[in-house]
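In what follows, a single structure is set out as structure tokens and then discussed.
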Protein chains: 2
Amino acid sequence: MAHNIEVELTSNKKKKPVTEQLEFGKYFTDHMFIMDYDGEQGWHQPRIIPYQPLLLDPAAKVFHYGQTVFEGLKAYRTPDGRTVLFRPQKNFQRLNLSNDRLSIPAVDEEFALEALKQLLVIDQDWIPEEQGTSLYIRPFVIATQPSLGASTSTHYQFIIIMSPVGSYYAEGIHPVKIHVESDYVRAVRGGVGMAKTAGNYAASLRAQDTAAASGYAQVLWLDGVHRKYIEEVGSMNVFFKINGTVVTPALNGSILDGVTRNSILQLVRSWNIPCEERQISIDELYEAHKNGTLEEAWGTGTAAVISPVGELNWNNERLVIHGGQTGELSSKLYNTLTGIQRGELKDEFGWLVQLSS
Amino acid sequence: MAHNIEVELTSNKKKKPVTEQLEFGKYFTDHMFIMDYDGEQGWHQPRIIPYQPLLLDPAAKVFHYGQTVFEGLKAYRTPDGRTVLFRPQKNFQRLNLSNDRLSIPAVDEEFALEALKQLLVIDQDWIPEEQGTSLYIRPFVIATQPSLGASTSTHYQFIIIMSPVGSYYAEGIHPVKIHVESDYVRAVRGGVGMAKTAGNYAASLRAQDTAAASGYAQVLWLDGVHRKYIEEVGSMNVFFKINGTVVTPALNGSILDGVTRNSILQLVRSWNIPCEERQISIDELYEAHKNGTLEEAWGTGTAAVISPVGELNWNNERLVIHGGQTGELSSKLYNTLTGIQRGELKDEFGWLVQLSS
Ligand SMILES: Cc1ncc(COP(=O)(O)O)c(C=O)c1O
Ligand SMILES: Cc1ncc(COP(=O)(O)O)c(C=O)c1O
């Protein structure tokens, strides 16, 4: 795609929040990227404009039929003043996997990354510098055709917005308590669980609210067919260390192929720790906990990076893991991954993409 | 709710489409109803305003996490000049069931109906009068909080838009061919299948497009667990007449409790035709077809009312039903229900709500 990106700069820069005020995804930078799609022109008119409301017909299909996908990735400021993105190609690849599942036309991945870089250069001074902070980037596509026919849209918008963030969880890297969900189901094989699409998150809210009311930070989903195999957590993949081996659910079509998950697997393997991607039943976890071999558990995701799990609640049984404390491997993974992301450790895997300006 | 509804009339009335141009949900009336929700005020500021675009922050949760529900019902003009709604209370009840599943605050059902009536009075001349036409009404709720936290929104809008429509299917009451879906899954028990929420429809698009490419009008979904029990069609419940008995899938939590389905059940029972709500496997249908007892099949929904099924395609086997023609019972149900809806037959069940003006 050889389109030039038109740029309209704001004449009215916003005041930046101080680091202590940062909440996840609450403040947004001065500009956004947007481009349109229709059948004749394909993706066209890419432009960077001041951050502003979208003007959409109330019949736009996204409101009614949820034809929409999104991504989430982060940019960091390194101590030596560079701006880096963490594995952004993976996110645009996954965006297109999601697009495909949702019958949304593919986006040119290289062009999308180029657009993001241009946007980042413009809003570079929005990237916070303190430890644990970053600029969260949210590319998304919405179906805009104003029509109530329950069918694939003819028109779309692709948008990138950016938000300076602190830690996702108020608790920070402290272990979270997680509720194992036995009633509600998030996704099922044959469905859209492997896509990053709005409906998966809508389907999670009720269970999440119920868990939160009992003091649980997140829900651990079981599979929709047997209701016994571990899937993932709200917006994280999940890992366990059982008897010295790292295990995580295999990509089965109903969970997200997380970029953090993939990075953790590479790290763990590079350290020669035995590591398995496979089915894990909740009964197996229960047994491992009982016989003392469930050594650690943690969630992985762009927002929280690594989130140690201190307790699982399953059918009112409380499985306390690693004494409710952060485990050694969780810690090491967190330090290594955030160290690489912030440019403080060597980028051995070539994960960082540096902004040229 | 004792709120007064503020009214701002348009100064710029649109040209109405002629009946032949009507497509489902493409044209919209001059006005819309809207009200807002926040934690302090609850639902507030109900107003009727000129039909206009929504202005939403790009971070509004509906775009990212699909927290949204909708309804669909119809208003008709009777030959003697009255304006009637078909069982609107059921739709607002169901809206609140969907709201509950999606963690959206309930709407006052009586007030919502009152608001709809006021909107209808204002746009009354948009209700087309020809046989087969009606005014399709789309109430919906969207989460508007501008925040990327994957959690329940603090702010919402409830909106009603209205669209003059002809027949939903280009084919009209002629039988449609339907593809029995063996790969993709729409919903599963424990999920949000019983709610009228965007994600269910997003999850259907891919299979629908694939079926359409092979000449099938709709997809018949099988259950997500066993992949063998009949669920429903795209936006219709489904009925079969097997050996003189009418059977339809029981409400199991993963299909919609259709208003048309409910009405058809009442009609069939009032005619003393044996009638069962139960699990039906695709194998049972296949057997019934083979031994000649699969007498009729039809879909039911607000948009199409009754849609006879002339053929089911299952694993490349074509099950032609009733010689590909509309069956007697399907016809009788269509004529009776549309007759009642248009005020031409006696409203024995008290289904119509008449506008007072
Ligand atoms: C459902 C779900 N699972 C897992 C993840 C983790 O994916 P990633 O590591 O790419 O952020 C996310 C996204 O953040 C998610 O939304
Ligand atoms: C998934 C689904 N099933 C069934 C129906 C039929 O419901 P109703 O008869 O209330 O229109 C609809 C809506 O129209 C629907 O969207």
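The values are calculated or read from the model by the stated rules, or taken from the named source; none is laboratory data. As the structure is a prediction and not an experimental result, all values here were calculated from the model. Cβ: placed from backbone, ideal geometry, glycine included. Neighbour counts: every protein chain shown. Accessible surface areas use protein heavy atoms only, side chains included; no ligands, DNA or RNA. Shrake-Rupley method; radii C 1.70, N 1.55, O 1.52, S 1.80 Å.
Placing unit charges on C-beta atoms (Lys and Arg positive, Asp and Glu negative, everything else neutral), compute the dipole magnitude of chain B about its Cα centre in debye, rounded to 20.
Computed charge dipole of chain B: roughly 200 debye.
Which residues' amide hydrogens lie under 5 Å from the amide hydrogen of A:L102, considering only partners 5 or more residues apart or on another chain, with H built in the peptide plane?
HN-HN under 5 Å from A:L102: empty list.
Where only protein heavy atoms count, and the probe is 1.4 Å, what is the accessible area per residue for segment A:191-295 in Å²?
Value for segment A:191-295: 34 Å² per residue.
Looking at chain B as a GNM with Cα springs under 10 Å, which of B:G132, B:G190, B:G199 has the largest mean-square fluctuation?
B:G190
List the residues whose amide H sits under 5 Å from the amide H of A:E232, counting only those 5 or more places along or on another chain, with H placed 1.01 Å from N in the peptide plane.
A:W221
For segment B:105-134 and segment B:216-241, compute the distance between their C-alpha centroids and round to whole Å.
Computed from Cα coordinates, the inter-centre distance equals 30 Å.
Between A:Q52 and A:L251, what is 0.36 nm times their sequence separation minus the Cα-Cα distance? Round to one decimal in nm.
67.9 nm
Which of the lysines could a cross-linker span from A:K228 if the Cα-Cα distance has to be under 29 Å and same-chain partners fewer than 8 positions apart are dropped?
A:K177, A:K196, A:K241, A:K290, B:K196, B:K228
For peptide B:320-332, how many partner chain Cβ atoms fall within 10 Å of a residue's Cβ, on average?
Working: counts 0, 0, 0, 0, 0, 0, 0, 0, 0, 0, 0, 0, 0.
Mean shielding by partner chains, rounded to a whole number: 0.
Say R0 is 51 Å: what FRET efficiency, to the nearest 0.05, do A:S356 and B:I5 get from their beta-carbon distance?
Efficiency, from the Cβ-Cβ distance: 0.35.
Please report the carbon-and-sulfur percent of the accessible area for segment A:26-111; probe 1.4 Å, protein heavy atoms only, DNA, RNA and ligands left out.
About 47 percent, which is the carbon plus sulfur part of the accessible surface.
What gaps in nm, shortest first, separate A:P50 from its twins in the other copies when you place the label 7 Å past Cα toward the beta carbon?
Those separations, rounded to one decimal, come out as 2.4 nm.
With solvent modelled as a 1.4 Å probe, how much accessible area in total do chains A and B shield from it at their shared surface, in Å² to the nearest 100?
Separately minus together, A and B give about 5000 Å² buried.
For chain B, set up a Gaussian network in which alpha carbons nearer than 10 Å are linked by springs, and say which option among B:Q89, B:Q21, B:Q131 fluctuates the most.
B:Q21
Does segment B:140-236 come out rounded, prolate or oblate by the C-alpha gyration tensor, with a ≥ b ≥ c the root eigenvalues, rounded set by a/c under 1.5 and, if not, prolate when a/b is larger than b/c and oblate if not?
Oblate, since a/c reaches 1.5 and b/c is not below a/b.
Using modelled amide H (1.01 Å from N, peptide plane; none on Pro or chain starts), what sits under 5 Å from the amide H of A:I273, excluding residues fewer than 5 places away?
Answer set, sorted by chain and number: none.
Could you order A:H322, B:H44, A:H226 so the one with the most accessible surface comes first? Probe is 1.4 Å.
Heavy-atom accessible area, descending, gives A:H226, A:H322, B:H44.
At what distance in nm do the modelled label points of A:N335 and B:D80 sit from each other, each positioned 7 Å from its Cα along Cα→Cβ?
Between A:N335 and B:D80, the simple spin-label model gives 8.5 nm.
Explain nothing, just compute: Karplus ³J(HN,Hα) = 6.51 cos²θ - 1.76 cosθ + 1.60, θ = phi - 60°, for every residue of segment A:132-143 in order, whole Hz, x for Gly and Pro.
x, 9, 6, 10, 7, 10, 10, x, 7, 10, 10, 7
In whole Å, what is the distance between the alpha-carbon centres of segment B:1-40 and segment A:329-357?
52 Å
Compute the helix-to-body angle for B:328-341: its Cα long axis versus the longest principal axis of chain B, expressed 0 to 90° and rounded to tens.
Tilt relative to chain B: about 20 degrees.
What number, rounded to the nearest 500 deg cm²/dmol, is the helix-based mean residue ellipticity at 222 nm of the protein assembly as shown, given -39500 (n - 2.57) per DSSP H run of at least four residues and division by all its residues?
About -7000 deg cm²/dmol.
Using the Karplus equation 6.51 cos²θ - 1.76 cosθ + 1.60 (θ = phi - 60°), what ³J(HN,Hα) coupling, rounded to whole Hz, does each residue of segment B:266-274 give in order, writing x for Gly and Pro?
With the stated coefficients, segment B:266-274 comes to 5, 4, 4, 5, 5, 8, 6, 8, x Hz.
On full extension of the chain, what length is gained from B:S214 through B:E317, given 0.36 nm per residue of separation minus the C-alpha to C-alpha distance? Write out the running numbers ahead of the final one.
On the way: separation 103, 0.36 × 103 = 37.08 nm, distance 1.35 nm.
Once the chain is fully extended between B:S214 and B:E317, it gains 35.7 nm.
Within 10 Å of each Cβ in peptide A:175-185, how many partner chain Cβ atoms are there on average? Round it to a whole number, please.
Values: counts 0, 0, 0, 0, 0, 0, 1, 1, 2, 5, 10.
Partner Cβ neighbours, averaged per residue: 2.
Taking a ≥ b ≥ c as the square roots of the Cα gyration tensor eigenvalues, with a/c under 1.5 meaning rounded and otherwise prolate when a/b beats b/c, else oblate, which class fits segment B:6-165?
Prolate, because a/c is 1.5 or more and a/b exceeds b/c.
Quick check: pseudo-label points 7 Å beyond the Cα along Cα→Cβ at A:Q21 and A:W271, how many nm apart are they?
So the label points at A:Q21 and A:W271 sit 3.8 nm apart.
Quick check: net charge around B:S98, other residues with Cβ under 13 Å of its Cβ, Lys/Arg +1 and Asp/Glu -1? Don't jump to the answer; show the numbers that get you there.
On the way: positive: A:R206, B:K90, B:R94, B:R101, B:K196; negative: B:E71, B:D100, B:E109, B:D257.
Result for the local shell: +1.
Please report how far the C-alpha centroid of segment B:277-320 lies from that of segment A:280-324, rounded to the nearest whole angstrom.
For segment B:277-320 versus segment A:280-324, the Cα centre distance is 46 Å.
How far is B:F349 from itself in the other copies, in nm, if each label sits 7 Å out from Cα along the Cα-Cβ line, shortest first?
Taking the point 7 Å beyond Cα along Cα→Cβ, the inter-copy spacings are 5.9 nm.
Can you compute 3J(HN,Hα) from phi for each residue in segment B:76-92, using the Karplus curve 6.51 cos²θ - 1.76 cosθ + 1.60 with θ = phi - 60°, rounded to whole Hz and x for Gly and Pro?
So the J values, rounded to whole Hz, are 10, 9, 7, x, 8, x, 8, 10, 10, 10, 9, 6, x, 4, 4, 5, 6.
Hey, got the dipole for segment A:176-341? About the Cα centre, +1 on K and R Cβ, -1 on D and E Cβ, debye to the nearest 20?
Dipole about the Cα centre, nearest 20: 260 debye.
Among A:D223, A:D36, A:D80, which one shows the biggest mean-square fluctuation in a GNM of chain A, springs joining Cα atoms closer than 10 Å?
In this elastic network of chain A, the residue with the biggest mean-square fluctuation among A:D223, A:D36, A:D80 is A:D80.
Under 1.5 on a/c is rounded, so check that first for segment A:108-162, then, if it is not, pick prolate when a/b is larger than b/c and oblate when it is not; a ≥ b ≥ c are the square roots of the alpha carbon gyration tensor eigenvalues.
Here segment A:108-162 falls in the prolate category.
Describe numerically, in nm with one decimal, the distance between label points set 7 Å from Cα along Cα→Cβ at B:H174 and at A:E110.
4.8 nm
Ignoring ligands, DNA and RNA, what percent of the accessible area of segment A:194-271 is carbon or sulfur (1.4 Å)? Walk me through the numbers on the way to the answer.
Working: 980 of 2150 Å².
It is 46 percent, rounded to a whole number.
Please average, across the residues of B:338-344, the number of beta carbons from any other chain that are within 10 Å of each residue's own beta carbon, and give a whole number.
Details: counts 0, 0, 0, 0, 0, 0, 0.
Taking the mean over all residues of the peptide, I get 0.
Looking at segment A:232-304, which chymotrypsin sites (Phe, Trp or Tyr not before Pro) are DSSP coil and have at most 16 other C-beta atoms within 10 Å of their C-beta?
A:W271
What are the label-to-label distances in nm, one decimal and shortest first, from B:T210 to the same spot in the other copies, with labels 7 Å along Cα to Cβ?
Those separations, rounded to one decimal, come out as 3.1 nm.
Which chain B residue puts its Cβ closest to the axis that rotates B onto A, and at what distance in whole Å?
Looking at chain B's Cβ atoms against the axis toward A, the nearest is B:G199, 1.
Starting from the Cα-Cα distance between B:K228 and B:Q124, subtract it from 0.36 nm times their residue separation and give me the gain in nm to one decimal.
The B:K228-B:Q124 span can extend by a further 32.9 nm.
Are there trypsin sites (Lys or Arg not before Pro) in segment B:1-94 that DSSP marks as loop and that have at most 16 other Cβ atoms within 10 Å, and which are they?
Working: sites: B:K13, B:K14, B:K15, B:K26, B:R47, B:K61, B:K74, B:R77, B:R82, B:K90, B:R94; in loops: B:K13, B:K14, B:K15, B:K26, B:R82.
Loop-located and lightly packed - B:K13, B:K14, B:K15, B:R82.
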